[in-house]
1. How high is the FRET efficiency between A:D13 and C:T25 when r is their beta carbon distance and R₀ equals 60 Å, given to the nearest 0.05?
2. Restricting to DSSP loop positions (anything but H, G, I, E, B) with no more than 13 other Cβ atoms inside 10 Å of their own Cβ, which trypsin sites (Lys or Arg not before Pro) remain in region B:431-477?
3. Collect residues whose amide H, placed 1.01 Å from N in the peptide plane, falls under 5 Å from the amide H of A:T139; neighbours closer than 5 in sequence don't count.
4. Report, in listed order, any pair from B:K57/B:K262; A:K39/A:K85; B:K194/B:K262 with a Cα-Cα distance greater than 25 Å.
5. Say a paramagnetic label sat at a point 7 Å from the Cα of B:N279, along Cα to Cβ; which residues of region B:30-60 have their backbone N under 20 Å from it?
6. In nm, to one decimal, how far is the C:S69 label point from the A:T4 one, both placed 7 Å along Cα→Cβ?
7. Under a no-solvent Debye model with one identical scatterer per Cα of region B:473-512, what's log10 I(q)/I(0) at q = 0.17, 0.28, 0.35 Å⁻¹?
8. Take the alpha carbon gyration tensor of chain C, find the square roots of its eigenvalues, order them as a ≥ b ≥ c, and report rounded if a/c is under 1.5; if not, report prolate when a/b exceeds b/c, else oblate.
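All of the numbers you see were taken from the coordinates with simple rules; none came from a lab. Note that this is a predicted model, so its numbers are computed, not measured. With ideal geometry, Cβ positions are generated from the backbone for all residues, glycine too; neighbour counts draw on all protein chains shown.
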Amino acid sequence: MTGTLVNTTVNGDAVQFACPTDESLMDALRDRVGLTGVKEGCGTGDCGACSITLDGELVCSCLVLGVEANGRNIGTVEGLADGDKLHPLQEQFINHAALQCGICTPGFLVAAKALLDKNKNPTEEEIRYALAGNLCRCTGYDKIVRAVQAASKDLRKKK
Amino acid sequence: MTHDQSFTNQKFKLVGSRVNRPDGVDKVTGRAKYGADASAAGQLVALFLRSPHAHAKIKKLDTSRAEKLAGVKAVITSADLPDHTNGAQLDVLENCMARDRVLYDGHAVAAVAAIDKETAKKALKLIKVSYEKLPHVTDVDEAMKPGAPLVREDIFTRGIDPKPTEPSNVCKVSTFGHGDIETGFDEADVIIEKSYKTEQTHQGYIEPHACLASVGPDGNGELWVTTQGHYTYRTVCAALLGMDMAKLKVTSSEIGGGFGGKTHVWIEPIALALSRKANRPVKAVMTRDEVFKASGPTCSTSMDIKIGAKKDGTITAGSAHIRYQDGAFRGQWGQLGAMTAFACYDLKNVQSVGYDVLVNRPKVAAYRAPSAPMAAFGVESTMDLVADAIGMDPIDLRIKNAAKEGTRASYGPTYGPIGIGPTLEAAKNHPHMRAKLKKNQGRGMACGFWFNFGGQTCTDINISADGTVNLTLGTVDVGGSRASMSLICAEELGIPYDQVKANVADTSSLGHNDTTEGSRGTFSSGMATIFAAREAIEEMKERAAQTWDIPVEEVEWVEGEARAIGQKNDNLPPLTLKDIAARAAATGGPIAGHNEVVADGAGVSFASHICDVEVDPETGGTRIIRYTVIQDAGKAINPDYVEGQFQGGAAQGIGWALNEEYIYGDDGRLQNAGFLDYRIPVCSDLPFIDTEILEIPNPNHPYGIRGVGETSIVPPLAAIGNAVSNAAGVRMTHVPMSPPRILQAIEEAEA
Amino acid sequence: MQVNLTGSLRSCANGAEVVEIDACTIRELVSKLLETFPEMEEQMELGIAVSIDGEIYRDSPSKKLPVGSEIFILPRLQGG
């Protein structure tokens with residue numbers, strides 16, 4: 001492998017990895033950084049299972065090249081909790097049974113957090129459209145939407 | 001030890017409560033390990049070369065240049081895969097790797113294992129295959145026509161008399177039913193006859209097939225894999241590769257959805273073969289394109305349904321001729337469709353004939369209540385037409401003819417206590433039924449049936465010295481069953497839920513368990529858990545008797561503790577499970593309970609769905625406005641996850657009804673092998689999905705469990721079909737009811 | 001006892017829906033059926049289930065067949 005060195009920040013920590021120039025950031029995060037919470041469902045940006053934030057923007061990491069992460073700030077599901085305290089979204093996903101198989105859960109959590117960071121009190125419709133880039137095949141989205149509504153309430157109470 | 005499986009109607013303390021799942025934290029933090037998340041030192045990357053043709057002879061296959069490429073450690077073709085099964089599983093092997101011919105677009109012809117993905121990709125390009133294209137057929141009706149291209153030359157239709165002498169694409173004809181339909185139709189005041197089609201869909205699990213295989217020259221192997229049945233994978237992989245079952249340890253990873261699609265092997269035997277040849281661990285992960293083309297979607301179908309009824313709504317006869325394509329490999333899906341078609345109804349005269357048909361498409365696998373949704377679409381659509389013809393409310397027509405205890409099922413046996421009547425009554429009384437509809441909106445309802453089954457199951461309970469309990473299960477947890485099993489275990493032992501830790505064992509650590517399919521997980525592992533816990537309780541009573549030095553007959557187990565019975569034992573304070581566990585070393589060693597059982601007697605399951613849609617007459621687009629699922633669950637162990645099964649099945653059915661379909665070109669190639677063009681429902685497509693759980697206990701399970709996972713996908717195609725037809729004012733007979741099909745139907749009706 | 005045949009098994013018994021077989025267990029029933037109708041072998045290999053009084057058994061060959069019970073030979077079910 002001919003690799004290019006990438007210096008990046010992942011969940012607040014300085015991280016360095018080398019990857020071929022045509023490798024996706026998803027593959028780099030999974031295979032080189034070891035963050036397997038970033039899931040591959042399609043590799044074509046259609047399912048959202050590999051959702052991360054790049055400098056605060058929600059992206060499908062399968063549509064970003066690893067080398068593009070140089071000097072950028074990456075957020076993944078592994079960085080959602082604050083030490084041993086789960087993020088309210090994580091708590092409410094568990095409380096509301098918003099996951100069955102759980103493969104889409106990391107992507108949903110990252111996408112939902114990106115929504116709540118921008119919109120503290122989204123309507124049901126806003127939640128549904130904000131999460132429309134993430135596919136879930138188990139739940140019919142019912143309990144996911146309810147979990148996001150509950151987390152949004154928790155976050156507003158906290159402030 | 002044999003145990004009484006019959007329903008005990010006990011009062012529950014824990015079962016039925018909404019507890020958090022034990023694997024929840026792992027799954028919301030990214031820690032949970034799925035099929036593609038495991039790695040081994042020195043692992044190779046496997047990639048597959050797949051056929052670009054729907055049907056072709058492989059004239060020449062040259063891998064020599066690929067083998068010579070630096071970094072390539074193994075190349076496998078069918079030449080490396082002799083049949084070790086005396087033909088018994090040759091078709092499974094042939095699906096994993098084409099032999100002298102390719103049978104569908106995407107059929108694997110070779111696989112490589114190399115040090116990294118880049119090298120493996122280069123190696124695939126160096127493999128030279130020359131094909132001789134053969135005529136192909138991908139449509140089920142076309143495949144049945146005389147003179148259709150033959151998918152296989154050695155198939156002679158079974159189930160017809162006399163035996164045919166010419167080969168055909170029809171593998172099998174299966175007839176079910178009773179009475180005399182001719183007489184029945186003669187008695188009818190109204191007869192409705194209609195033909196329907198449904199297109200092929202995929203289970204659409206978000207996690208592609210993935211595994212990490214490792215086999216050494218000593219014949220010992222390990223397979224980490226996403227599967228619904230790791231024991232089944234072990235059985236099949238060992239047979240295909242000529243390995244000893246006990247020397248192949250299969251560990252089921254967390255599974256990212258299966259819905260039937262992960263009941264069969266696809267890439268796994270090849271990953272093992274590559275590893276054996278390279279003597280290195282091999283990781284194989286399917287791309288989404290491969291998942292669509294070369295795993296196991298469900299059938300496309302075509303059917304003719306005929307129902308006759310009297311003016312008072314009594315159905316006098318029903319007949320169904322249903323044609324299911326099984327892909328390029330013999331299946332029994334048409335047969336299963338024929339069994340389920342009329343199972344909701346109490347019919348004097350009924351006949352359903354299922355045809356299993358080969359086409360040049362991937363091997364069909366189970367998809368959640370396999371075969372039932374399509375047959376239900378045909379029958380339930382026709383039921384609405386009958387209701388309309390005699391001027392009866394469609395739900396009243398269904399209630400009048402609903403099967404009940406003592407009804408002879410259309411597939412044969414006589415029903416015990418069943419829930420179709422109650423779900424229909426609940427639907428009729430549901431506020432949803434009385435909600436007002438606006439312009440361009442329509443309401444539909446339909447009911448559905450699924451068998452459920454049990455099967456071989458093996459479970460261990462081990463009590464630790466501190467009184468916490470390991471529950472070791474062999475059924476893969478596809479949607480929260482570790483929580484349900486922990487509830488059941490805690491209920492039996494009389495301890496708190498969080499004192500139990502449930503794990504799914506690998507194949508070397510516990511006896512055989514059938515695949516988690518047929519809605520069997522909670523039914524059968526629940527049964528084995530109850531019996532294993534009861535065995536552990538017997539042991540704990542012995543230990544208490546020893547401690548107290550009294551006969552075990554004077555010990556009873558109540559609320560998680562041993563109590564000495566009788567006045568003379570009044571001075572003996574109870575011993576809790578914790579007390580007994582702490583003294584285990586001094587009273588005879590480890591305390592465990594074990595159970596192996598063939599869990600028979602799974603209760604059949606029924607559901608009724610109500611759906612409101614709005615159809616845009618300009619675009620043909622349909623929106624689901626409201627959706628209600630009513631299903632008999634038997635006892636609901638963890639209602640949150642029962643609701644989740646109801647909602648998930650409904651959502652899959654909605655996608656099937658409105659959007660999802662495999663589109664094949666004239667060249668026999670799949671044109672939409674990705675989530676962009678094969679569109680499954682997204683969050684903004686759906687409303688909240690209301691659920692109502694009915695609990696009609698299954699008499700054949702100590703807790704009354706039936707199994708809930710599959711039935712929820714049976715009614716949606718028909719419920720939505722009826723709703724769309726009511727909204728658009730034209731009968732829809734072709735699923736999916738995509739905008740172009742709806743527009744075409746509206747235009748044809750206007751013309 | 002009366003044994004009801006379903007699906008493609010009927011064509012192996014000259015189209016009969018019901019056949020008369022005396023057997024005490026599922027195992028005996030299956031072997032006697034095969035003796036009488038050798039053409040059933042292919043179907044049996046694909047898998048069958050036996051319904052006794054409405055309860056379906058897939059892997060219980062030792063299961064007793066009570067006198068007067070309702071017996072159906074069904075295809076072995078598959079699920080998702």
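1. Here the calculated transfer efficiency is 0.35.
2. B:K436, B:K438, B:K439
3. none
4. B:K57/B:K262; B:K194/B:K262
5. So the set is B:40-46.
6. 7.1
7. Ignoring solvent entirely, the Cα scatterers give -0.46, -0.92, -1.10.
8. Judged from the Cα gyration tensor, chain C comes out rounded (a/c under 1.5).
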